[in-house]
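Down below is the structure, laid out as structure tokens.
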Amino acid sequence: MAFLKFLGTAGARFVMIEQLRSSGGIWISSKDTNLLIDPGPGSIVRCAASRPKLDPTKLDGIILTHRHLDHTNDINVMIEAMTEGGFKKRGVVFCPADAINEDPVILKHAFNFPERIEILEADKNYRLRDFEFQTSMRHIHPVETFGLKFNLGATSVGLLTDTKFFKELEDFYQTDILIISVVFFEPHPAIDHLCLNDAEEIIRSCKPKKAILTHFGRTMLRAKPHIQAAALTKRLGIPVEAAYDGMSLNL
Ligand SMILES: [Zn+2]
Ligand SMILES: [Zn+2]
């Protein structure tokens, strides 16, 4: 059975720094592939604390949507885990070029441990064993950032990571389940993140079977994500859920 588990639902720096929510990223297990998306601070701790436990030595791949610390802090320790301390060359890391260029988030020490490092580019298809995914157009965010689309079982899933709102997002993220990073409760046009109104517009236009809000900043947490999700469900007639740390979807 395929599943997706939220090891963290923290968004941006203050919720991460205070660990008001965990920042462990998302674990995905498909038929014969385990992968981790955006291992932020504490990802390894959240794997060990998971019930049932998630074993990072069983990872086949790690995807970084972008180089920000809340998405990459635990990448090196996760590479060590995936490669059994660096002794077993295995696994693939996918990341945008600027994550490993002049100020690499992957230490030199760990760089040659995986089988390969694949550079993510806009609108491309990638494959890791039985798991295929597609990158979005480049998001509007201070660093190179791509969202993802993939199938788990018979369900298509979109992972709309950090970005400023722009209309074309609605063309790409037409999936059965749409996971959206909603950092702000109110609009903050000067900062390249979505607010709740943006998420509402995207859900209205993309019409997923279910939308899941995650990656909450402080203002979203204060506004109680589950209450906001219930209000959106009512307004849109589409089920909207607020992710919580440890939440799993079985697909
Ligand atoms: Zn982020
Ligand atoms: Zn970011």
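The values are calculated or read from the model by the stated rules, or taken from the named source; none is laboratory data. Quantities reported herein were computed from a predicted structural model and do not represent experimental measurements. All Cβ positions, even for glycine, are placed from backbone atoms using ideal geometry, and neighbour counts span all protein chains on display. Ligands, DNA and RNA are stripped out before the accessible areas are found, and what is left, the full protein with its side chains, is counted by its heavy atoms. Shrake-Rupley method; radii C 1.70, N 1.55, O 1.52, S 1.80 Å.
Pull out a ≥ b ≥ c, the square roots of the eigenvalues of the alpha-carbon gyration tensor of region 105-144, then state rounded if a/c is under 1.5, prolate if not and a/b is larger than b/c, and oblate in the remaining case. Verdict is oblate for region 105-144. Of interest is the spacing of the C-alpha centroids, which for region 43-62 and region 104-132 amounts to 19 Å. What part of the accessible area of the chain, given as a whole %, is carbon or sulfur when the probe is 1.4 angstrom? Result for the chain: 53 percent of the exposed heavy-atom area is carbon or sulfur. Would you mind classifying region 1-106 by shape? Square roots of the alpha carbon gyration tensor eigenvalues, ordered a ≥ b ≥ c; an a/c under 1.5 is rounded, otherwise it is prolate if a/b is larger than b/c and oblate if not. It comes out oblate by the Cα gyration axes. Helix 196-206 and the long axis of the chain differ in direction by around 90°, with both axes built from C-alpha atoms. With only the Cα atoms considered, the chain has a convex hull volume of 111 Å³ per residue. Here the chain carries DSSP beta bridges of which approximately 50% are antiparallel, counting only pairs with both residues inside.
Shown are Phe184, Phe165, Phe87, whose ranking by accessible area with a 1.4 Å probe and every protein chain present, most to least, is Phe87, Phe165, Phe184.
Exceedance of the 28 Å cut-off in Cα-Cα distance is limited, within the set Lys31/Lys234; Lys108/Lys149; Lys31/Lys210, to Lys31/Lys234; Lys108/Lys149. Kindly identify region 127-251 as rounded, prolate or oblate by the Cα gyration tensor criterion: order the square roots of the eigenvalues as a ≥ b ≥ c, call it rounded if a/c is under 1.5, otherwise compare a/b with b/c, prolate if a/b is larger, else oblate. Verdict is oblate for region 127-251.
Ordering Arg21, Arg13 by accessible surface, largest first, gives Arg13, Arg21; the 1.4 Å probe counts only protein heavy atoms, with every chain in place. Label separation (Leu107 vs Lys207): 5.1 nm, computed from points 7 Å beyond Cα along the C-beta direction. Annotation: per residue accessible area for the chain equals 44 Å², rounded to a whole number [probe 1.4 Å, protein chains only]. Taking each DSSP H run with n ≥ 4 as -39500 (n - 2.57) and averaging over every residue of the chain yields -6000 deg cm²/dmol at 222 nm. Loop-located trypsin sites (Lys or Arg not before Pro) in region 113-207 (DSSP state not H, G, I, E or B) with no more than 14 neighbouring Cβ atoms inside 10 Å: Lys124, Arg129, Lys167. Relative to the longest principal axis of the Cα atoms of the chain, the long axis of helix 225-236 makes an angle of roughly 60 degrees. Ordered from highest to lowest accessible area with the whole protein assembly present and a 1.4 Å probe, Met1, Met137 read as Met1, Met137.
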